[in-house]
Amino acid sequence: MGAPAGDEATALCSVVLEARNGTGGKAIMTQSASVTVKTLADIIEMKRIYSVIDNALGKTYPACLLVTSGARGEGKTTVAAGIAAVAATHSTKQVLAVDLNWFKPALHEWFGLDPVFDVGTFRNNGLIKDIAQTTNIANLDILTASPPREGMTESAGSEYMLGTEIVTRARAEYDFVVVDASSIFPTNRHMMDPVTLSKAADGVVLVVLMNVTPRQQVKRARMFLKTAGANVLGVVVNQWKNPMAR
Ligand SMILES: Nc1ncnc2c1ncn2[C@@H]1O[C@H](COP(=O)(O)OP(=O)(O)O)[C@@H](O)[C@H]1O
Ligand SMILES: [Mg+2]
């Protein structure tokens, strides 16, 4: 259910984790899997990534983790879905996965849901739990994104504020909130800026596609986040396109 279509659904799933603070060191594993959100929760790399993030966050909850990247298509949504699924499956936390990539919503696909966001209920101070949807994983809810531009009559500036408010309110209702954000580049006035959103999160991970993402772009993205005051926990290196990993 909800697995991305095509070859990618059965592609080699391989990630390398590098985290700072010496909390996790480096883990390199590969695994072939028919990838659904349930199988993501059992992929060893995902468990390792979650474990390092858990440590880097000081095991202090509630917490919000923001997943972003320098460019598009590097694996943000896959990593965000995986971390949320691991946390819900292998801990006792109430977990919420939030799609704040309103420019290109995708998280819903992992769960076979439509991209809808009840702006009216949100504005009327309704509970996030009432707006969110349950998933086929116990203790994991998902807050899908608004279809692009629908329901959004405000300026881009207030979209930033809306994103920050969603994060703040979600964090008050769940133990662990995992945000699937847009990429940092290229900037687009219709997106919720991940750099601005990062300040509302307790930690940020940058997803990098090995042998694809230019080093300078990773450095720039990290610098933007740091300058904004984000707590950059580390980098998840997704090497699913790396022929050396096969
Ligand atoms: N490790 C991986 N193994 C297999 N497919 C992957 C992996 N990482 C990403 N993909 C595929 O690559 C595409 C882009 O990944 P996605 O997570 O949507 O990136 P982003 O959110 O950064 O745009 C998706 O079709 C996804 O299924
Ligand atoms: Mg995505």
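Only the coordinates and a few stated rules stand behind these numbers; no lab work does. None of the values given here were measured: they were computed from a predicted structure. Cβ: placed from backbone, ideal geometry, glycine included. Neighbour counts: every protein chain shown.
Values computed for the structure shown
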{"quantity": "Label-point separation, Lys38 to Gln216 (7 Å along Cα→Cβ), nm", "calculated": "4.7 nm"}
{"quantity": "Estimated FRET transfer efficiency (Asp114, Asn188; beta-carbon r; R0 25 Å; 0.05)", "calculated": "0.65"}
{"quantity": "Pair Asn124, Met161: separation of 7 Å Cα→Cβ label points (nm)", "calculated": "2.2 nm"}
{"quantity": "Proximal lysine pairs, the range 56-232, alpha carbons under 30 Å, eight or more residues apart or interchain", "calculated": "23"}
{"quantity": "Along each principal axis, Cα extent of the range 56-232, largest first, Å", "calculated": "42, 40, 29"}
{"quantity": "Residue-count net charge about Asp202 - beta-carbon cut-off 13 Å; Lys, Arg +1, Asp, Glu -1", "calculated": "+1"}
{"quantity": "Vicinal HN-Hα couplings computed from phi for the range 127-139 (Karplus, 6.51 cos²θ - 1.76 cosθ + 1.60; Hz; Gly/Pro x)", "calculated": "5, 4, 4, 7, 8, 6, 10, 7, 10, 7, 10, 4, 6"}
